[in-house]
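The values are calculated or read from the model by the stated rules, or taken from the named source; none is laboratory data. Being a predicted model, the structure only gives us computed values, none of them experimental. Here the Cβ is made from the backbone with ideal geometry for all residues, glycine too, and neighbour counts use every protein chain on show.
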Amino acid sequence: MSDVLIIGGGGAGLCAAIAAKEAGVSVNVLGKTYPIRSQTSMAQGGINAALGNVGEDSIEAHIADTLRSAHTLGDENMIRRLCEKAPEAIGWLDSIGVPFSRLEGGRVAQRRLGGAGSERACYAQDYTGLKILHTLYDTALGMGVEFLDELFMLNFIVEEGRVLGVTAIDIGSGEVRAIGAKSVVVATGGYSGLYRGFTTNSSATTGDGTAAAVRAGCVLSDMEFVQFHPTALKRSGILISESARGAGGYLLNSKGERFIDELKPRDVVAKAIWEQIESGEDVYLDIRHLGEAFIEENLPQERKLAKLYEGVDPVIDLIPIKPVAHYTMGGIEVDSNHMTKIKGLFAAGECANAHVHGANRLGGNSLLETVVFGREAGEGAAQFAREHGSVTPASSGQFEKDRGFVAAIPQFTNQIDFYEKRDFMGKIFYRNVGIARSEMGLKGVLAAIRQMQKELPFMGIADKSMEFNTNLLEFIEFGNMVELAEIVLVSAIGRNESRGAHQREDFPAEDDEKFGGVHSLSWKEQGVLCNEFEGMR
């Protein structure tokens with residue numbers, strides 16, 4: 001048993017682990033993959049902080065931009081805390097060795113991202129998230145944080161409203177294990193994997209921690225809000241960083257026309273691109289005018305990705321792009337100390353909803369949240385562990401239940417190929433639960449998802465082996481995805497307005513009278529999904 005158990009080794013999980021370790025407690029980080037493969041590595045554009053290194057900026061301006069982007073769904077106190085701690089966060093990252101790009105004189109370089117009123121994003125070429133992630137991992141290893149890699153978390157062990165650990169599959173052996181802890185931080189990322197084939201996220205981003213949290217008794221909030229990144233490669237959906245537009249890149253249609261201010265908030269730009277594509281136009285990102293020297297110095301990854309996956313060289317060619325699912329604003333409801341409804345269970349990063357992003361995340365704020373709130377969650381978990389001590393589970397009910405479930409999966413009939421259903425879900429989510437939504441389309445997808453829920457026992461797996469059975473793991477992931485898909489849909493159907501990343505064709509305006517400042521809440525009672533809109537007038 002550890003004092004603090006972190007689920008997920010991305011940016012938020014590593015920051016939580018480092019902060020908890022600094023607080024003098026024992027820390028384990030559990031993950032189904034290795035930390036350096038986490039989604040944080042794909043955060044290319046930068047991390048916001050009002051340093052004023054390039055032009056004028058202020059913390060108040062950062063707060064105002066974030067509130068505006070949130071469309072009345074941001075908590076001003078949490079946003080203020082995030083923005084006020086941003087300069088300190090950059091200083092800390094700098095002190096542990098993050099290789100930020102520099103201005104002449106040595107100050108950290110900054111550039112403007114969409115929705116920002118100034119050049120606020122600190123960056124490391126266009127590898128910002130990757131370089132932060134590697135530096136955090138090195139730091140955690142050097143501090144003696146213990147990593148439990150290739151363990152797939154199944155569920156939280158909860159008794160009398162307190163978390164006591166988790167159950168997990170040892171991927172190497174196939175055995176189910178119970179892992180105890182005095183407190184737990186879940187930092188498992190978002191649920192954009194629902195849009196499989198139409199997302200910038202890796203195939204591992206399947207919302208496992210979020211699904212386990214709602215099963216354990218947590219509340220999920222604002223699950224209908226999914227941000228679509230405006231510029232992903234047309235064929236593969238691989239991200240082309242907002243830094244390309246921040247550096248001066250243009251968006252062009254087939255006629256060579258610019259049709260939108262490229263640095264408006266992401267929801268606005270993504271919608272404009274979607275409308276161009278729906279009208280029959282192809283859309284391109286043009287950075288040719290920036291020149292080869294600038295591109296190689298500041299956007300080397302974007303050039304490599306375009307060459308590798310689209311067969312074009314951005315120095316001389318237009319980059320074909322489309323918007324795809326990128327970031328999920330909804331997640332596990334937490335209080336101001338990042339604790340969930342369950343005592344001792346904290347959440348941080350994209351899986352958590354700390355009410356700083358609201359209806360549309362501001363570019364550059366996701367990495368900032370992982371650092372500031374990740375560290376706060378780790379500190380809170382350490383304090384909880386010290387104050388409450390360990391408790392031995394009264395029974396092994398959750399462990400026995402999960403061990404029985406995993407053992408039963410190979411016996412499922414496997415009449416239906418869940419891989420086909422998973423791909424189908426990605427397609428119908430992109431088309432009907434994407435940038436443009438309507439009641440008819442949403443309800444059609446909900447019916448399909450509920451049918452998948454009924455069919456799960458008839459899907460099963462072909463690989464019956466124990467060791468490194470990816471077929472088994474992907475089936476469990478699919479079950480988590482189907483569970484979250486229903487919640488996203490029910491929340492989206494109930495919000496009869498357009499706000500930020502949630503755009504309803506049948507309700508095209510923001511309805512502040514009915515939905516202003518109102519959050520969707522979802523939870524389960526005896527396995528049945530419940531949903532309401534908090535404070536709806």
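Applying a threshold of 7 Å to beta carbon distances and a minimum spacing of six or more residues, or different chains, the list of pairs starting in region 496-513 at a residue that is not assigned by TED's automatic domain parsing to the domain that holds Pro265 and of a type in the set (Phe, Trp, Tyr) and ending at one that is modelled with pLDDT under 95 and not in a helix (DSSP H, G or I) is empty. In region 446-487, how many residues are β-branched (Val, Ile, Thr) and more than 17 Å from Ala211 (Cα to Cα)? Residues meeting the conditions: 2. Annotation note: of Phe152, Phe156, the sole residue that is of a type in the set (Phe, Trp, Tyr), buried (at least 24 other Cβ atoms within 10 Å of the Cβ) and within 13 Å of Ile6 (Cα to Cα) is Phe156.
May I ask you to say which residue of Val25, Val4, Val29, Val54 is touching a helix residue (DSSP H, G or I) at 6+ places or on another chain (Cβ under 8 Å) and assigned to a loop (DSSP other than H, G, I, E, B)? Every option except Val25 fails the conditions.
Looking across region 33-62 at every residue that is crowded, with 18+ Cβ neighbours inside 10 Å, of a type outside the set (A, V, I, L, M, F, W, C) and over 16 Å from the mean Cα position of the chain (by Cα), the one that is farthest from Arg102 (Cα to Cα) is identified as His62. Inside region 484-506, residues that are small (Gly, Ala, Ser) and either closer than 19 Å to Thr33 by Cβ or part of a helix (DSSP H, G or I) (or both) make up a count of 4.
Counting only residues that are under 22 Å from His229 (Cβ atoms) and in contact (Cβ under 8 Å) with a residue 60 or more places away in the chain, region 421-469 holds 12 of them. Scan region 410-445 for residues that are more than 12 Å from Glu505 (Cα to Cα), among the hydroxyl-bearing types (Ser, Thr, Tyr) and either within 23 Å of the chain's Cα centre (by Cα) or modelled with pLDDT of 95 or more (or both) and the total you get is 2.
Say whether the condition of being assigned to a loop (DSSP other than H, G, I, E, B) and surrounded by fewer than 20 Cβ atoms within 10 Å (Cβ to Cβ) is met by at least one residue in region 175-183.
Going residue by residue through region 175-183, those that are assigned to a loop (DSSP other than H, G, I, E, B) are 175.
Checking the rest, the ones that are also surrounded by fewer than 20 Cβ atoms within 10 Å (Cβ to Cβ) come to 175.
Among the residues of region 175-183, at least one is assigned to a loop (DSSP other than H, G, I, E, B) and surrounded by fewer than 20 Cβ atoms within 10 Å (Cβ to Cβ), which makes the answer yes.
Scanning region 115-133 for residues that are assigned to a loop (DSSP other than H, G, I, E, B) and crowded, with 23+ Cβ neighbours inside 10 Å yields Gly115, Ala116, Arg120, Tyr123, Asp126.
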